[in-house]
Amino acid sequence: MTKEDIKHIKQLLAKQKNIVIVPHKNPDGDAIGSTLALYHYLIKHKHNATVMVPNDYPTFLKWIPGNDHILKHDSQTEACETLIKSADIIFTLDFNAFHRTGNMETVLTESKALKIMIDHHQAPDNYATYMFSDVSMSSTCEMIYHFIDMLGDTSRIDSNIATCIYVGIMTDTGSFRFPSTTSKTHQIIAKLIEKGANNAEIHNNVYDTNSYERLQLLGCALSNLKVIPESRTAYITLSQDELNMFNYKKGDTEGVVNYGLSLENIVFAAIFIEDKQEGIIKISLRSKGNFSVNEFSRVHFNGGGHTNAAGGRSELSLKNTIEKFISILPSYNKALNDD
Ligand code: 5GP
Ligand code: MN
């Protein structure tokens, strides 16, 4: 995003606008945090701003300031589409292509509103008038801080905005441990705490509100963990029956894939989760070091994301998906044993 772009955006935002803010489908902490942070910021500037998510998100995100104002496109389709059609500006946050919004793809593609993308995923599509795309960023939330900073407005960051931004940086960095966490990230976190983000409370709300069943499901996932030492790979499966047994709720499997990576000498971890309703296997991939799960997912599993964290899907059965995964792995043995 150039200085010229920022100047134009400032001019645009000088007058009251109808603004819609959209994250990706199955929104995570960064998606909800960044959209709500921007929402609070725009509301302060008296815009008519609405956050609109493609579908529901986990309960452990439902305490975030502004949560009650979020519209859900899948259950409030008409209200959402009316707002999109009358929007002057649409901010698209934490995704890089309209298909990442699921059923919102058509209405977004057809919309004549000016689009502003703020995102840190690789290989962004070229739909936005103004694009703030930076794959080196820890999170879209960190980019929202920079965006407000570029607008010369950090003095307007209040405890609500600070809390929202904190959530997304915390969740997308694995609580400040992934390599994308820089000294700048920590400097921003320090400023957010000064502005009223309560770090202990935020961690508690997101990580220490598990249900008993969620922990039992984690136990099941860990007992399904398999290791392929020659590929330095670990993977977990969860069938629909297993999810049902533990009364699965959205978000219950979030973060489970990371346990594979906590094994000594493992650099590639995967989780395969059966979704009978959608008729797919949802895949999450994580890596350490140079092995790009973004590329792996793009080539084999219809997905993408970042070098060390990506998602994908398979339309095969759970068993056949695993067989496919295991058959592909040997061709990556060299890359996986490189570090
Ligand atoms: P998760 O495994 O948590 O679903 O996703 C990991 C990361 O990859 C997240 O940043 C998510 O937004 C991104 N991601 C997940 N699925 C896809 C996909 O199909 N395409 C792209 N480009 N990114 C994805
Ligand atoms: Mn993100």
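Readers should treat all values here as calculations from the given coordinates under stated rules, not as data from a laboratory. Note that the coordinates shown come from a computational prediction; the quantities given were computed from them, not determined experimentally. When we count neighbours, we look across all protein chains shown, and the Cβ atoms used for this are built from the backbone with ideal geometry, even at glycine.
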Inset, instruction - At most 16 other Cβ atoms within 10 Å plus a DSSP loop assignment makes a site exposed; report the longest stretch of the chain without any exposed trypsin sites (Lys or Arg not before Pro). - result: 178-248
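Would region 75-206 count as rounded, prolate or oblate if I go by the C-alpha gyration tensor, calling it rounded below 1.5 in a/c and otherwise prolate when a/b exceeds b/c, oblate otherwise?
Prolate, since a/c reaches 1.5 and a/b exceeds b/c.
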Inset, instruction - Using only Cα atoms, tell me the angle between helix 159-172 and the longest principal axis of the chain; keep it within 0 to 90° and round to the nearest 10. - result: 30
Inset, instruction - Provide the gained length on full extension for the span Q216 to L12, in nm with one decimal, where the gain is 0.36 nm per separating residue minus the Cα-Cα distance. - result: 68.4 nm
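How many percent of Cα pairs in region 169-277 exceed 23 Å? Could you put the intermediate results ahead of the total?
On the way: 2543 of 5886 pairs.
Value for region 169-277: 43 percent of Cα pairs lie more than 23 Å apart.
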Legend entry - Those lysines that a straight Cα-Cα span of less than 22 Å connects to K17, excepting residues fewer than 8 apart in one chain: K3, K7, K44, K46, K72, K85, K112, K115
Inset, instruction - Using only Cα atoms, tell me the angle between helix 212-223 and the longest principal axis of the chain; keep it within 0 to 90° and round to the nearest 10. - result: 50
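Regarding the chain, what's the average projected area of the Cα-atom convex hull, expressed in nm²?
On the way: hull surface 66.8 nm².
Projected area, direction-averaged: 16.7 nm².
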Inset, instruction - May I ask for the longest run of the chain untouched by GluC sites (Glu not before Pro) that are loop-located per DSSP and have at most 15 neighbouring C-beta atoms (other than their own) within 10 Å? - result: 1-263
Legend entry - Cα-projected label distance for K324 with D68, points at 7 Å along beta-carbon direction, nm: 4.5
Legend entry - Shape parameters for region 214-338, alpha-carbon atoms, Rg then Dmax in Å: 13.6, 41
Legend entry - Cα long-axis angle, helix 29-44 against the chain (0 to 90 degrees, to the nearest 10): 0
Inset, instruction - Count the net charge of all other residues whose Cβ sits under 9 Å from the Cβ of A309, scoring Lys and Arg as +1 and Asp and Glu as -1. - result: 0
Inset, instruction - Can you check how the C-alpha radius of gyration of region 277-339 compares to 2.2 N^0.38 Å, as a plain ratio? - result: 1.11
Legend entry - Cα shape, region 1-158, gyration tensor, a/c 1.5 rule: rounded
